[in-house]
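A.B. asks: Here you go, one structure.
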Amino acid sequence: MKKLSVGILGATGIVGQRFIQMLEHHPWFEVTWVAASDRSEGRSYAEAARWRLKTSIPDATAKMKLSAARPEGAPKVIFAALDSAIARELEPQFAEAGCAVISNSSALRMQADVPLVIPEVNGDHIALIDGQSWRNTSKKGFVVTNPNCSAIGLVLALAPLHRAFTLDAVMAVTMQAVSGAGYPGVASLDILANVIPYIASEEEKMQEETQKLLGTLNGSRIDPAVFAMSAQCNRVAVEDGHTESISIRLKKKASAEEIISEWRRFTAEPQRLRLPSAPEQPVIYMEAPDRPQPRFDCDKGNGMATSVGGLRKCGVLDWKFTVLSHNTIRGAAGAALLNAELLKAKAYLE
Ligand code: NAP
């Protein structure tokens with residue numbers, strides 16, 4: 001099969017690097033275009049990027065010249081990993097020019113006609129694309145987004161429980177890795193031996209995105225899921241992997257065995273379709289009381305699985321547990337890649 005050409009906007013950043021790494025041997029997609037800011041334009045990828053991953057830069061990418069972040073000359077499938085202020089300006093330009101924009105940024109996530117998707121949870125929301133103004137021109141561009149890196153792990157753990165028992169209330173306290181802040185991100189003097197109990201706009205994003213993701217497609221709009229939710233977000237001195245302490249109350253009461261069984265048997269369309277980046281088991285329940293831990297568990301399922309553990313009774317709500325997911329893989333580049341694979345399987349990338 002001839003591979004589909006794809007481009008990466010924001011290719012030099014932390015998420016852009018993950019895209020390059022995850023696409024190196026991808027069976028369907030091939031990176032043929034990379035772009036970043038005008039500071040990088042015209043330089044080779046190897047010169048412009050401060051490569052932060054343990055694998056080497058793929059040879060073909062290392063030599064690639066960074067293009068200007070403009071749609072002229074770009075391929076028709078674009079993975080976007082831009083800061084949200086820049087994304088708000090650039091992503092619509094690429095969609096207008098006929099590109100499928102598969103975005104990581106928060107800029108358009110909550111726009112009513114833009115799908116916010118986790119393929120195992122709400123793949124049907126992709127249908128919102130059909131109502132987008134960009135789509136309804138001869139050029140047929142569109143924008144699809146994936147959620148914030150801390151919402152993804154949480155929602156993967158909540159979705160099977162919401163389906164079986166209906167959520168009534170959710171409290172989430174995050175311990176988020178430094179790679180979640182991009183590069184260079186948080187200064188070492190701020191974070192070493194420290195915890196920062198504030199991440200700008202993160203709590204609001206977690207709350208509104210969780211409810212959109214677990215919401216219902218109703219014609220051309222999403223009716224958000226209705227339950228009480230509170231999030232508190234902290235930055236901690238961990239390299240990769242967001243850990244979250246969660247408490248929930250369910251409308252239909254469930255035992256620990258029933259909850260664990262919902263997690264263990266949870267699979268969805270990406271697994272049925274055997275999408276190349278889909279983890280075999282999206283939610284892995286760990287029995288040991290001190291797991292999951294970011295150092296040992298965030299690479300499970302090639303970084304695409306969410307690990308859950310420590311299910312126990314909560315003195316305030318019904319149940320509490322710990323969730324862990326890899327923020328730059330399942331929480332960013334891998335999330336967008338799985339969205340692209342689902343779009344291709346549904347013939348949106350023809
Ligand atoms: P980052 O490391 O700061 O990278 C930002 C990228 O944007 C770089 O490639 C940079 O290029 C490029 N850029 C900056 N200004 C630009 C401009 N005016 N025009 C075109 N490109 C420009 O950030 P990141 O962590 O990769 O995050 C990227 C996006 O993904 C953000 O919206 C972030 O919120 C989201 N996200 C991140 C994570 C995570 O875990 N890190 C998770 C989920 C979502 P230069 O190298 O040329 O400056």
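A.B. asks: Once neighbouring chains are kept in place and the probe is 1.4 Å, which whole percent of the accessible area of the stretch 1-80 is contributed by carbon and sulfur?
C.D. replies: 49 percent
A.B. asks: Do you know the relative contact order of the chain, to the nearest whole percent, from alpha carbon pairs under 8 angstrom that are 6+ apart?
C.D. replies: After rounding, I find 17 percent.
A.B. asks: Provide the per residue accessible area, probe 1.4 Å, for the stretch 1-132, rounded to a whole number of square angstrom.
C.D. replies: 42 Å²
A.B. asks: Could you rank the peptides 190-198, 89-97, 326-334 by their average count of other C-beta atoms within 10 Å per residue, with the highest value first?
C.D. replies: 326-334, 89-97, 190-198
A.B. asks: Net charge near Tyr183: determine it from the other residues with C-beta under 14 Å of the C-beta of Tyr183, scoring Lys and Arg +1 and Asp and Glu -1.
C.D. replies: Surrounding charge for Tyr183 is +1.
A.B. asks: On to the next question. Rule-of-thumb check for the chain: C-alpha Rg over 2.2 N^0.38 Å?
C.D. replies: Normalised Cα radius of gyration, the chain: 0.95.
A.B. asks: Can you tell me the 0 to 90 degree angle between the C-alpha axis of helix 202-213 and the longest principal axis of the chain, rounded to 10?
C.D. replies: On a 0 to 90 degree scale, this one is about 90.
A.B. asks: For the chain, give me the percentage of DSSP beta bridges that are antiparallel, rounded to the nearest 5 percent.
C.D. replies: Here the antiparallel bridges make up roughly 45 percent for the chain.
A.B. asks: Cut-off under 22 Å on the C-alpha distance; same-chain residues fewer than 8 positions from Lys205 excluded. Which lysines are left, in chain and number order?
C.D. replies: In chain and number order, the partners are Lys320.
A.B. asks: Taking the Cα centre as origin and putting +1 on Lys and Arg beta-carbons and -1 on Asp and Glu beta-carbons, what dipole magnitude results for the stretch 149-327, to the nearest 20 debye?
C.D. replies: 540 debye
A.B. asks: Once neighbouring chains are kept in place and the probe is 1.4 Å, which whole percent of the accessible area of the stretch 115-162 is contributed by carbon and sulfur?
C.D. replies: That fraction is 49 percent.
A.B. asks: Would you mind checking Lys63/Lys139; Lys139/Lys346; Lys76/Lys344; Lys76/Lys140; Lys212/Lys313; Lys54/Lys300 for any pair whose Cα atoms are more than 20 angstrom apart?
C.D. replies: Those over the limit are Lys63/Lys139; Lys212/Lys313.
A.B. asks: Let me ask another. Using alpha-carbon pairs under 8 Å, 6+ residues apart, how would you state the relative contact order of the stretch 149-327 in percent?
C.D. replies: Relative contact order comes out at 29 percent.
A.B. asks: What percent does the relative contact order of the stretch 274-350 come to when contacts are Cα pairs within less than 8 Å and at least six residues apart?
C.D. replies: Computed over the stretch 274-350, the figure is 29 percent.
A.B. asks: Averaged per residue, what accessible surface does the stretch 149-327 expose to a 1.4 Å probe, in Å²?
C.D. replies: 46 Å²
A.B. asks: Limiting things to C-alpha atoms, what are the Rg and the maximum Cα-Cα separation (Dmax) for the stretch 239-338, in angstroms?
C.D. replies: 14.0, 41
A.B. asks: Over the Cα atoms of the stretch 149-327, what radius of gyration and what Dmax do you get, in Å?
C.D. replies: Reported Rg and Dmax, both Å: 16.1, 50.
A.B. asks: Tell me the net charge near His125. Cut-off is 14 Å between Cβ atoms, His125 excluded, with +1 for each Lys or Arg and -1 for each Asp or Glu.
C.D. replies: Taking every Cβ under 14 Å from that of His125, the sum is -3.
A.B. asks: Per-residue counts of other Cβ atoms within 10 Å, averaged by peptide: what ranking do you get for 66-77, 240-251, 5-16, highest first?
C.D. replies: Ranked by mean Cβ neighbours within 10 Å, highest first: 5-16, 240-251, 66-77.
A.B. asks: Taking Cα atoms, how many degrees apart are the long axis of helix 334-345 and the longest axis of the chain, rounded to 10 and kept between 0 and 90?
C.D. replies: Helix 334-345 sits roughly 70 degrees off the main axis of the chain.
A.B. asks: Counting residues in the stretch 73-128 as N, plug N into 2.2 N^0.38 Å and put the Cα Rg over that result.
C.D. replies: Rg over 2.2 N^0.38 Å, computed on Cα atoms: 1.12.
A.B. asks: In addition: Give the angle, between 0 and 90 degrees and rounded to the nearest 10, that separates the Cα long axis of helix 84-96 from the longest principal axis of the Cα atoms of the chain.
C.D. replies: 60 degrees
A.B. asks: Say we join alpha carbon atoms closer than 10 Å with springs in a Gaussian network model of the chain; which of Arg312, Arg109, Arg235 then has the biggest fluctuation?
C.D. replies: Among Arg312, Arg109, Arg235, the largest mean-square fluctuation in the Gaussian network model of the chain belongs to Arg312.
A.B. asks: Shifting gears a bit: Pick out, from Leu275, Ala332, Phe321, the residue whose Cα sits farthest towards the positive end of the charge dipole of the chain, with +1 on the Cβ of Lys and Arg and -1 on the Cβ of Asp and Glu.
C.D. replies: So the residue we want is Leu275.
A.B. asks: To the nearest 500 deg cm²/dmol, what mean residue ellipticity at 222 nm is calculated for the chain from DSSP H runs of n ≥ 4 alone, each contributing -39,500 (n - 2.57), summed and divided by the residues?
C.D. replies: -7500 deg cm²/dmol
A.B. asks: Give me the one-decimal Kirkwood hydrodynamic radius in Å for the stretch 1-113, with the sum taken over alpha-carbon pairs.
C.D. replies: That comes to 14.1 Å for the stretch 1-113.
A.B. asks: Is there a quick way to get the dipole size of the chain? I mean about its Cα centre, with the Cβ of Lys and Arg at +1 and of Asp and Glu at -1; what is the value in debye to the nearest 20?
C.D. replies: Here the size comes out at about 440 debye.
The values are calculated or read from the model by the stated rules, or taken from the named source; none is laboratory data. Since this is a predicted model, take the numbers as computed values, not measurements. Glycine also receives a Cβ, built like all others from the backbone with ideal geometry; neighbour counts cover every protein chain displayed. In case anyone asks, the SASA skips ligands and DNA or RNA and just uses the protein heavy atoms, side chains included. Shrake-Rupley method; radii C 1.70, N 1.55, O 1.52, S 1.80 Å.
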